[in-house]
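Novice: The structure is given below, and queries will be raised subsequently.
The values are calculated or read from the model by the stated rules, or taken from the named source; none is laboratory data. These numbers come from a predicted model, not from an experiment. A quick note on method: Cβ atoms are made from the backbone with ideal geometry, for glycine too, and the neighbour counts reach across all protein chains shown. Heavy atoms of the whole protein, side chains included, go into the accessibility calculation; ligands, DNA and RNA do not. Shrake-Rupley method; radii C 1.70, N 1.55, O 1.52, S 1.80 Å.
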Amino acid sequence: MNTSYDVKFWEIRRNPTSKTPSYVTRWKVAGKVKSKTFRTKELANSFLSDLRRAAKDGEAFDIATGLPESMMEPPSDLGPTVLSFAQEYVARRWKASAARTRETDTYALMALVPAFVKDLPGKPDDAELREVLRDHALLPADRRAELPRNRAAVLRWLETASLPLADLQEAGVLRRGLDAISVTFAGKKAAANTVLRKREVLNHLLELAVPELAQFSAHLRGCGSA
């Protein structure tokens, strides 16, 4: 974890881009501005108080997420994440796939992986997430170049925020993916054939995930009976 004690806080402010009232907590870690939006000012103030208390107690803050160590989620015990499984998916298919198929897989996963993330502060913009996926995370390990510092922070955020693969069994979560593949990266309605190609990748990913999840569930049952 790349951490810093250089933390600065701002007062809560009304979100100027929202039609319905919402409030933004803003702070800075090692010169990087972080923010998180809440429905009420009370919730925003409560979150800010937790951050201030952590700083007062001398906690280090993670530069990628902007969170103090006490507010970081513990390592997931729910099996692989969507990101790690997508990376495995690409690695499995790379050698046997034509260049066009690799491009189709990557293009679909660039839409899907960012859709399946937790609501953590400091989220990079979608273009940054897609760039890191395309140029690094979705390449086989032996083809990945070293990331510059700013892109490494984007990847750390994505690795932290990526949902457990098991969450794709929930209809509401899966709907996020279906919504993501229905539009272009510019936010316009995608052509029917483009949606179809992306949906085929999603369906294939889910088919491969079924035995993975079954195996992990069996492992958990075994641990519980030990």
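Novice: Among residues belonging to the stretch 93-106 that are among the polar types (S, T, N, Q) and in contact with a Lys or Arg (Cβ under 9 Å, 6 or more places away or on another chain), point out the one that is surrounded by the fewest Cβ atoms within 10 Å (Cβ to Cβ).
Specialist: Restricting to residues being among the polar types (S, T, N, Q) and in contact with a Lys or Arg (Cβ under 9 Å, 6 or more places away or on another chain), the top hit is Thr101.
Novice: When you look at Ser46, is it more than 20 Å from Thr160 (Cα to Cα), over 21 Å from the mean Cα position of the chain (by Cα) and not charged (D, E, K, R), yes or no?
Specialist: It is true that Ser46 is more than 20 Å from Thr160 (Cα to Cα), over 21 Å from the mean Cα position of the chain (by Cα) and not charged (D, E, K, R).
Novice: Residues that are among the small types (Gly, Ala, Ser), at pLDDT below 90 and closer than 16 Å to Pro80 by Cβ: does the stretch 199-213 have at least one?
Specialist: Scanning the stretch 199-213 turns up at least one residue that is among the small types (Gly, Ala, Ser), at pLDDT below 90 and closer than 16 Å to Pro80 by Cβ.
Novice: Any idea which residue in the stretch 169-190 is farthest from His204 (Cα to Cα), counting only those that are loosely packed, with under 14 Cβ neighbours inside 10 Å and touching a Ser or Thr at 6+ places or on another chain (Cβ under 8 Å)?
Specialist: The residue in question is Lys189.
Novice: Looking at Val33, Val90, Val82, Val29, which one is of a type in the set (A, V, I, L, M, F, W, C), under 20 Å from the mean Cα position of the chain (by Cα) and open to solvent by 50 Å² or more (accessible area, probe 1.4 Å)?
Specialist: Step by step, each of Val33, Val90, Val82, Val29 is checked, and only Val33 is of a type in the set (A, V, I, L, M, F, W, C), under 20 Å from the mean Cα position of the chain (by Cα) and open to solvent by 50 Å² or more (accessible area, probe 1.4 Å).
Table: residues versus (1) among the acidic types (Asp, Glu); (2) modelled with pLDDT of 95 or more; (3) in contact with a His (Cβ under 8 Å, 6 or more places away or on another chain); (4) farther than 16 Å from Leu120 by Cα.
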| site | (1), (2), (3), (4) |
| --- | --- |
| Phe9 | no, yes, no, yes |
| Arg14 | no, no, no, yes |
| Ser18 | no, no, no, yes |
| Ala30 | no, no, no, yes |
| Lys34 | no, no, no, no |
| Arg39 | no, no, no, no |
| Ala44 | no, no, no, no |
| Phe47 | no, no, no, no |
| Lys56 | no, no, no, yes |
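Novice: Still on this model: Consider Leu196 carefully, then state whether it is in a helix (DSSP H, G or I), open to solvent by less than 70 Å² (accessible area, probe 1.4 Å) and not β-branched (Val, Ile, Thr).
Specialist: Taking the combined requirement at face value, the residue does not satisfy it.
Novice: Quick check, is Glu159 assigned to a helix (DSSP H, G or I) and either at pLDDT 95 or above or open to solvent by 40 Å² or more (accessible area, probe 1.4 Å) (or both)?
Specialist: Considered against the rule, which asks whether it is assigned to a helix (DSSP H, G or I) and either at pLDDT 95 or above or open to solvent by 40 Å² or more (accessible area, probe 1.4 Å) (or both), Glu159 comes out as yes.
Novice: Among the residues that make up the stretch 122-131, is at least one of them under 15 Å from the mean Cα position of the chain (by Cα) and of a type in the set (A, V, I, L, M, F, W, C)?
Specialist: Checking the stretch 122-131: at least one residue is under 15 Å from the mean Cα position of the chain (by Cα) and of a type in the set (A, V, I, L, M, F, W, C).
Novice: Name the residues in the stretch 162-192 that are without any contact (Cβ under 8 Å) to a residue 60 or more places away in the chain and outside any helix (DSSP H, G or I), would you?
Specialist: Glu170, Ser182, Val183, Thr184, Ala186, Gly187, Lys188, Lys189, Ala190, Ala191
Novice: Suppose we keep only residues that are under 28 Å from Leu139 (Cβ atoms) and open to solvent by 10 Å² or more (accessible area, probe 1.4 Å) within the stretch 64-76. Which one would you say is modelled with the lowest pLDDT?
Specialist: Ser76
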